[in-house]
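Asker: Right, I'll just put the structure down here and ask away after.
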Amino acid sequence: MRRVGLLGGTFDPVHFGHLRSAVEVCEQLQLDELRLIPSARPPHRGMPGATAAQRLRMVELALGQGGGLQVDDRELQRERPSYTVETLESLRQELGSDVALFMVLGWDAFCGLPSWHRWESLLELANLVVLQRPDYDLEVPEVLKDLLAARSSDQPERSHGQIICLSQTPLAISATHIRTLVGSGASPRFLLPDAVLDYIENEGLYRPSTKD
Ligand code: ATP
């Protein structure tokens, strides 16, 4: 069965926390491909600092050529808020039911899952891959404890419905921290790819005058 990973996010900007996790998930789960999916207008969050086109461009610059990592811009094609469940439905329609889908979430995102639109349907469409995230010491909601007990698996082999908790190289990098550094005139170099940093500088992103 073909195995496709999905990592959604605002990527404002994309950084090595996303990229290194993506590579390690690909290898640990032996994925055929992993798609980074920038979100258009995240339902849970304020407006991002960069435009959708700029965030997409930064992901493209970060990924460069080749490799198993790709960008999927389907959420940017929509005009209304992009709910993850709808993105998974659209991917299922495109890829069919014979493909195993692995939706990758950091621990912080996983803990917020019960507030997502139709969140209980997510496991009918994909497996969930939960990554540890340093500096996010969040308590998991009761309902997710039950879900973890019922659905966790070390040997994911189904097209959907399982939860896989992975440990990867812990990188305490966040986009918020990068925006704060740039906004205060400090360098975020080596927290994200040079090509992305060059783009941020050329476009004048995240400077104090920019609304965050
Ligand atoms: P912000 O600081 O703006 O909230 P972020 O750094 O959390 O941004 P997102 O684009 O919101 O980045 O993250 C997309 C996904 O990647 C989420 O599931 C998040 O938990 C995960 N993620 C982000 N950074 C890391 C990291 N350093 N390690 C593991 N997972 C991460």
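The values are calculated or read from the model by the stated rules, or taken from the named source; none is laboratory data. From a predicted model like this one, the values you see are computed outputs, not experimental measurements. FYI the Cβ positions are ideal-geometry reconstructions off the backbone, even for glycines, and counts take in every protein chain you see. The accessibility values were calculated without ligands, DNA or RNA, using every heavy atom of the protein model including side chains. Shrake-Rupley method; radii C 1.70, N 1.55, O 1.52, S 1.80 Å.
Asker: Any residue that is hydrophobic (A, V, I, L, M, F, W, C), out of contact with any helix residue (DSSP H, G or I) (no Cβ under 7 Å at 6 or more places or on another chain) and either more than 15 Å from the ligand (Cβ to nearest atom) or farther than 23 Å from L171 by Cβ (or both) - is there at least one of those in the range 105-125?
Answerer: No, the conditions are met nowhere in the range 105-125.
Asker: Here's something else I'd like to know. Can you pull out the residues in the range 177-198 that are outside any loop (DSSP other than H, G, I, E, B) and open to solvent by less than 40 Å² (accessible area, probe 1.4 Å)?
Answerer: I178, R179, L181, V182, G183, V196, L197
Asker: I would also like to ask the following. Does V99 satisfy the criteria of being β-branched (V, I, T) and under 17 Å from the mean Cα position of the chain (by Cα)?
Answerer: No; evaluated as a whole, the condition is false for this residue.
Asker: Out of the strands (runs of 3 or more DSSP E) lying entirely within the range 1-78, which hold 3 or more residues that are within 11 Å of the ligand (Cβ to nearest atom) and either more than 21 Å from R158 (Cα to Cα) or modelled with pLDDT of 95 or more (or both)?
Answerer: Fully inside the range 1-78 and qualifying: 3-9, 33-38.
Asker: Hey, another quick one. Across the range 138-196, what is the number of residues that are among the polar types (S, T, N, Q) and farther than 19 Å from V23 by Cβ?
Answerer: Qualifying residue count, the range 138-196: 9.
Asker: Would you mind finding the one in V130, V85, V143 that is without any contact (Cβ under 8 Å) to a residue 60 or more places away in the chain, among the β-branched types (V, I, T), away from the ligand (no atom under 16 Å from the Cβ) and in contact with a helix residue (DSSP H, G or I) (Cβ under 8 Å, 6 or more places away or on another chain)? Explain how you work it out, then say what you get.
Answerer: Details: V130 fails: away from the ligand (no atom under 16 Å from the Cβ); V85 fails: away from the ligand (no atom under 16 Å from the Cβ).
Sole residue among the options that is without any contact (Cβ under 8 Å) to a residue 60 or more places away in the chain, among the β-branched types (V, I, T), away from the ligand (no atom under 16 Å from the Cβ) and in contact with a helix residue (DSSP H, G or I) (Cβ under 8 Å, 6 or more places away or on another chain): V143.
Asker: Another question, then. For L131, are the conditions met, namely being of a type in the set (A, V, I, L, M), open to solvent by less than 80 Å² (accessible area, probe 1.4 Å) and under 28 Å from I173 (Cβ atoms)?
Answerer: yes
Asker: Between a residue in the range 168-195 that is of a type in the set (S, T, Y) and any residue that is open to solvent by 40 Å² or more (accessible area, probe 1.4 Å), which pairs come within a Cβ distance under 7 Å, given they are 6 or more apart or on different chains?
Answerer: Taking only residues 6 or more apart or on different chains, the pairs are T169/R20.
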